[in-house]
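J.: Input: one structure, supplied below.
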Amino acid sequence: MAGPIGIFDSGYGGLTVYRSIQELLPEYDYLYLGDNARTPYGNRSFETVYRYTWECVRALFSRGCRLVILACNTASAKALRSIQQRDLPPLEDRHRVLGVIRPTTELIGEYTASQQIGILATEGTVASRSYPIEIERFFPQVQVIQEACPMWVPLVENREHQSAGADYFVQQHLDRILSRGPRIDTLLLACTHYPLLHDKIRHWTPDGIKILTQGKIVAHSLRDYLRRHPDIEAWCSKGGQQAFWTTESPAVFDPRASFFLGNRVADQQWDQ
Ligand code: DGL
């Protein structure tokens, strides 16, 4: 049976990836799940991020998704490998879960001339060292400087990303990473919430430094993946339907998600 492509994030941030995927591949059905009741994940332990992520992935499976994208770097860094290697093989029906780190690290070395890249991410993603490890495999000559920005997700989740407070925290972390990496010519927003802060990040970043977001990279990688795997592509239903699901109350989720996505969202609540 074919079903929607599941897109998961700890909250609203994954909508930035979802939007790029849906724009590039509008023919498929999608079900977005935000774990807004338990966001942020960025400062939680490995075990907790894994447990929450696997619960949400199973919930998407139960709604007919057989292909799920973790549109969340923290979940991709802390839970994806366990899910792929330990949880999926024993399942009766075949399922696939893909993350956002691999598609990004496969390409990122092509953007830098100075061979020094800055990674802006949550504490969890930084501590996992997933980016330096993966980039080393594809681009061993590239030096990676990481900076954890623990206030940035709460700013976005609370719709404070255009406030003066956001300027303070954005400038603080950019100053820190650029002083540690004076040759950085490419900054990756390695958290799917951060594109909402893009204008502020651009404002506090010297001209000439590129700022990369992941939406289009992940969307193109998914398109290639579906072309290369026609058996998995056949699992994905094509009706152009979009549905949203949250662990929070829809009264909280809908107006904010509509704001982030730029069009109206009406969702259903998942009762855990
Ligand atoms: N949007 C998520 C990411 O890409 C994590 C945000 C959070 O829950 O801390 O890392």
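The values are calculated or read from the model by the stated rules, or taken from the named source; none is laboratory data. All of these numbers come straight from a predicted model, not from anything done at the bench. FYI the Cβ positions are ideal-geometry reconstructions off the backbone, even for glycines, and counts take in every protein chain you see. In case anyone asks, the SASA skips ligands and DNA or RNA and just uses the protein heavy atoms, side chains included. Shrake-Rupley method; radii C 1.70, N 1.55, O 1.52, S 1.80 Å.
J.: With (1) over 20 Å from Met151 (Cα atoms); (2) modelled with pLDDT under 95; (3) aromatic (Phe, Trp, Tyr) as the list, and Trp54 as the residue in question, which single condition is left unmet?
T.: Trp54 satisfies every listed condition except (2).
J.: I want to confirm something. Restricting to segment 112-133 and keeping residues that are polar (S, T, N, Q) and over 21 Å from the mean Cα position of the chain (by Cα), which single residue is surrounded by the most Cβ atoms within 10 Å (Cβ to Cβ)?
T.: Filtering segment 112-133 for residues polar (S, T, N, Q) gives 112, 114-116, 122, 125, 128, 130.
Next, from what is left, pick out any that are over 21 Å from the mean Cα position of the chain (by Cα): 112, 114-116.
On the way: Thr112: 20, Ser114: 14, Gln115: 13, Gln116: 16.
This residue is Thr112.
J.: Cβ-Cβ under 7 Å, sequence separation 6+ or interchain: first residue in segment 1-21 and under 17 Å from Leu98 (Cα atoms) and within 8 Å of the ligand (Cβ to nearest atom), partner open to solvent by 10 Å² or more (accessible area, probe 1.4 Å) and of a type in the set (Ser, Thr, Tyr). Which pairs?
T.: Ser10/Thr39
J.: Going residue by residue through segment 143-151, is there one that turns out to be in contact (Cβ under 8 Å) with a residue 60 or more places away in the chain and crowded, with 22+ Cβ neighbours inside 10 Å?
T.: no
J.: I'm checking my understanding of the structure. Among residues of segment 186-210 that are away from the ligand (no atom under 16 Å from the Cβ) and touching a Phe, Trp or Tyr at 6+ places or on another chain (Cβ under 8 Å), which one is least open to solvent (accessible area, probe 1.4 Å)?
T.: Within segment 186-210, the match that is least open to solvent (accessible area, probe 1.4 Å) is Thr186.
J.: Follow-up question, since we're still on this one. Within segment 79-111, take every residue that is open to solvent by less than 20 Å² (accessible area, probe 1.4 Å) and in a helix (DSSP H, G or I) and give me the one that is nearest to Cys191 (Cα to Cα).
T.: Ranking the qualifying residues of segment 79-111, first place goes to Ile101.
J.: Still on this model: What is the number of the single condition among (1) over 23 Å from Ser163 (Cβ atoms); (2) in a strand (DSSP E or B) that Asp231 does not meet?
T.: Evaluating Asp231 over (1) over 23 Å from Ser163 (Cβ atoms); (2) in a strand (DSSP E or B) leaves (2) as the failure.
J.: If you take the residues of segment 22-47 that are under 19 Å from Phe61 (Cα atoms) and of a type in the set (Phe, Trp, Tyr), which of them is nearest to the ligand (Cβ to nearest atom)?
T.: Across segment 22-47, the extreme among qualifying residues is Tyr32.
J.: Across segment 155-169, what is the total count of residues that are within 16 Å of the ligand (Cβ to nearest atom), of a type outside the set (Phe, Trp, Tyr) and assigned to a helix (DSSP H, G or I)? Step through it out loud before you land on a result.
T.: Keep residues of segment 155-169 that are within 16 Å of the ligand (Cβ to nearest atom), which gives 155-161, 166, 169.
Subset that is of a type outside the set (Phe, Trp, Tyr): 155-161, 166.
Checking which are assigned to a helix (DSSP H, G or I) leaves us with 155-157, 166.
Within segment 155-169, residues that are within 16 Å of the ligand (Cβ to nearest atom), of a type outside the set (Phe, Trp, Tyr) and assigned to a helix (DSSP H, G or I) number 4.
J.: Step by step: first the residues of segment 134-154, then only those that are more than 14 Å from the ligand (Cβ to nearest atom) and of a type in the set (D, E, K, R), then the one that is nearest to the chain's Cα centre (by Cα). Which residue is that?
T.: Glu134
J.: Checking Met1 against (1) within 14 Å of Leu67 (Cβ to Cβ); (2) in a helix (DSSP H, G or I); (3) not small (Gly, Ala, Ser), which test does it fail?
T.: Unmet condition: (2).
J.: Something else now. Does segment 37-53 hold any residues that are closer than 19 Å to Gly13 by Cβ and in contact (Cβ under 8 Å) with a residue 12 or more places away in the chain, and which are they?
T.: Ala37, Arg38, Thr39, Pro40, Tyr41, Gly42, Asn43, Arg44, Val49, Tyr50, Tyr52, Thr53
J.: Take the residues in segment 49-67 that are within 15 Å of the ligand (Cβ to nearest atom) and closer than 23 Å to Glu134 by Cα, then tell me which one is most open to solvent (accessible area, probe 1.4 Å).
T.: Here the residue is Tyr50.
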